[in-house]
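So the structure is just underneath, and the comments pick up after that.
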Amino acid sequence: MKTSTEPVVIVGGGQSGLAAAQAARSLGLRPVILHAGATPVGSWPDYYDSLTLFSPARYSTLPGMPFDGDPDRYPARDEVIAYLSRYAAALDVDIRTGVRVTAVEAYAGGGFLVRTGTGKEILAGAVVAASGSFGNPYVPDLPGRAAFAGDLRHVAGYRRPDAYAGKRVIVVGAGNSAVQVALELAAHAQVTLATREPVRFLPQRVRGRDLHEWLHRTGLDRLPSAVVTRLVRHAAVLDAGEYRRALASGRISRREMFTAFTAEGVVGRDGSVEPADAVIFATGYRPDLAYLDPLGALTRGLPRQVGGLSRARPGLAHLGLEFQRSFASNTLRGVGRDAAHVVRALAAHLAGRRWPVPVAPPAPGGGPGERSARDSARLPRNR
């Protein structure tokens, strides 16, 4: 039988996994983080070099540790990496790097058997799936894609603009990353932004204060995701003015989303062909959770969960899902609240109390409370 002495295995050592470990340790549980990478900083080292947060440092932190320096600055990628490294070191928990989880199975006596790529198996009383989505970038499978002779990649594979100097580049997407990358490329290349609808903007600052301060003050960051997704239906880019000016001036051109590829470019709805040397998809990610297949915890790759608590298996929790419980769920500033919520449920489960989410068989399309990132409303969030 499972006992509270068995570890809570946390799959993933990024911001979600670290927040889960902090919450577990604060409740007297024994967290063990299994992280596939070399250092427990999640996928941040793999993002493009110029990435900066869209939220100020004061609103971009995990529980218990602020960013160093000016709290009103917008931290760059490498600052976030350094911050997460400090956070991991300060946790004083068992973090095992270079360990990839290959499968999580139900254990005969209760709890879970966690299998790893090293061949080692770990018995766990509970599991937190906090592996993020960077390993599962989404690129739509458009006709002719295999025939395209140019460079085609997801933004996960983009690092810096100099490799695109003098080229014709199409960036697909209408979110923060798409527009940030498009503007960076525009200094080196001819750039077109391909979107299904016109790009929508929100001001970075309102009445002299960053928008995230207003989100914090009004409580919008903490509203249930079901409420927020009814209020906001479209992607929106946080902008201090430079992105809007770049599109208005033609420095970045904008076209309707294309429908197919040719060897030399892309095909529009009207059949017109636009030549392109490179296409970069900033089209988001899907949860990277194949290791949960043995539990029957997924429906078409998406977790069967409500608020981060599995509907497939008591003792299994999720963290870092888009709109998991709120508008800020998969951000540095929001994941700590979700971690506290799911870890409290895990602690109660390990103490023998009832799992608070009814376990149910798979339902077509997921089930109540189960939301796909592709169906969620898009609001300006920090990564």
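The values are calculated or read from the model by the stated rules, or taken from the named source; none is laboratory data. This structure is a prediction, so every number in the text was calculated from the model and none was measured. Positions of Cβ are generated from backbone atoms using ideal geometry, with glycine treated the same way; all protein chains shown enter the neighbour counts. We work out accessible area using only protein heavy atoms, side chains counted, and drop any ligands, DNA or RNA first. Shrake-Rupley method; radii C 1.70, N 1.55, O 1.52, S 1.80 Å.
Among the residues here, Asp288 does not qualify as part of a helix (DSSP H, G or I), out of contact with any Asp or Glu (no Cβ under 7 Å at 6 or more places or on another chain) and either aliphatic (A, V, I, L, M) or open to solvent by 30 Å² or more (accessible area, probe 1.4 Å) (or both).
Would you be able to say whether some residue in the range 322-330 is over 18 Å from the mean Cα position of the chain (by Cα) and either open to solvent by 10 Å² or more (accessible area, probe 1.4 Å) or under 30 Å from Tyr74 (Cβ atoms) (or both)? No - not one qualifying residue is present in the range 322-330.
Quick check: is even one residue across the range 307-323 under 30 Å from Leu211 (Cα atoms) and either of a type in the set (Val, Ile, Thr) or in a helix (DSSP H, G or I) (or both)? Spell out the reasoning first.
Pass one, the range 307-323, residues under 30 Å from Leu211 (Cα atoms): 307-308, 318-323.
Keeping just the survivors that are either of a type in the set (Val, Ile, Thr) or in a helix (DSSP H, G or I) (or both) gives none.
No, that holds for no residue.
Looking at (1) over 21 Å from Ala317 (Cα atoms); (2) free of Cβ contacts under 8 Å to residues at least 60 places away in the same chain; (3) assigned to a loop (DSSP other than H, G, I, E, B); (4) in contact with a helix residue (DSSP H, G or I) (Cβ under 9 Å, 6 or more places away or on another chain), which one does Asp72 not meet, given that it meets all the others? Only one criterion in (1) over 21 Å from Ala317 (Cα atoms); (2) free of Cβ contacts under 8 Å to residues at least 60 places away in the same chain; (3) assigned to a loop (DSSP other than H, G, I, E, B); (4) in contact with a helix residue (DSSP H, G or I) (Cβ under 9 Å, 6 or more places away or on another chain) is unmet by Asp72, namely (2). Within the range 241-264, the set of residues being part of a loop (DSSP other than H, G, I, E, B), open to solvent by 50 Å² or more (accessible area, probe 1.4 Å) and under 30 Å from Asn136 (Cβ atoms) comprises Thr259, Glu264. Here Ala363 fulfils each of the conditions (1) within 14 Å of the chain's Cα centre (by Cα); (2) at pLDDT below 95 apart from (1).
In the range 158-171, of all residues being under 18 Å from Leu51 (Cβ atoms) and in contact (Cβ under 8 Å) with a residue 24 or more places away in the chain, the one that is most open to solvent (accessible area, probe 1.4 Å) corresponds to Arg160. Going through (1) over 18 Å from the mean Cα position of the chain (by Cα); (2) surrounded by 13 or more Cβ atoms within 10 Å (Cβ to Cβ) one by one, Asn136 falls short only on (1).
Of all residues in the range 131-189, those that are closer than 23 Å to Glu264 by Cβ and acidic (Asp, Glu) total 2. Restricted to the range 28-43, and to residues there that are part of a loop (DSSP other than H, G, I, E, B) and closer than 23 Å to Thr331 by Cβ, the residue that is most open to solvent (accessible area, probe 1.4 Å) is Thr39. Pro63 passes every criterion in (1) buried (at least 21 other Cβ atoms within 10 Å of the Cβ); (2) in a loop (DSSP other than H, G, I, E, B) apart from (1).
Filter the range 94-129 for residues that are open to solvent by 20 Å² or more (accessible area, probe 1.4 Å), among the polar types (S, T, N, Q) and modelled with pLDDT of 95 or more; which is farthest from Arg311 (Cα to Cα)? Out of the qualifying residues, it is Thr97. Among residues of the range 115-142 that are over 18 Å from Gly13 (Cβ atoms), those with a Cβ under 9 angstrom from a residue that is basic (Lys, Arg) and open to solvent by less than 40 Å² (accessible area, probe 1.4 Å), sequence gap 6+ or separate chain, pair up as Pro137/Arg286; Tyr138/Arg286.
Here is a check on your reading of the model: is Ala276 among the hydrophobic types (A, V, I, L, M, F, W, C) and without any contact (Cβ under 8 Å) to a residue 60 or more places away in the chain? Answer is no for this residue. Of the candidates Val306, Val267, the single residue that is open to solvent by 40 Å² or more (accessible area, probe 1.4 Å) and farther than 30 Å from Arg205 by Cα is Val306. Taking the condition of being farther than 23 Å from Arg77 by Cα, at pLDDT 95 or above and open to solvent by 70 Å² or more (accessible area, probe 1.4 Å), how many residues in the range 181-215 meet it? Residues in the range 181-215 being farther than 23 Å from Arg77 by Cα, at pLDDT 95 or above and open to solvent by 70 Å² or more (accessible area, probe 1.4 Å): 1 in total.
Within the group Leu84, Leu91, Leu53, Leu18, which residue is at pLDDT below 95 and either open to solvent by less than 20 Å² (accessible area, probe 1.4 Å) or among the acidic types (Asp, Glu) (or both)?
Working: Leu84 fails: at pLDDT below 95; Leu91 fails: at pLDDT below 95; Leu18 fails: at pLDDT below 95.
Of the residues listed, the single one that is at pLDDT below 95 and either open to solvent by less than 20 Å² (accessible area, probe 1.4 Å) or among the acidic types (Asp, Glu) (or both) is Leu53.
Within the range 173-217, being of a type in the set (Asp, Glu) and without any contact (Cβ under 8 Å) to a residue 60 or more places away in the chain holds for one residue alone: Glu197.
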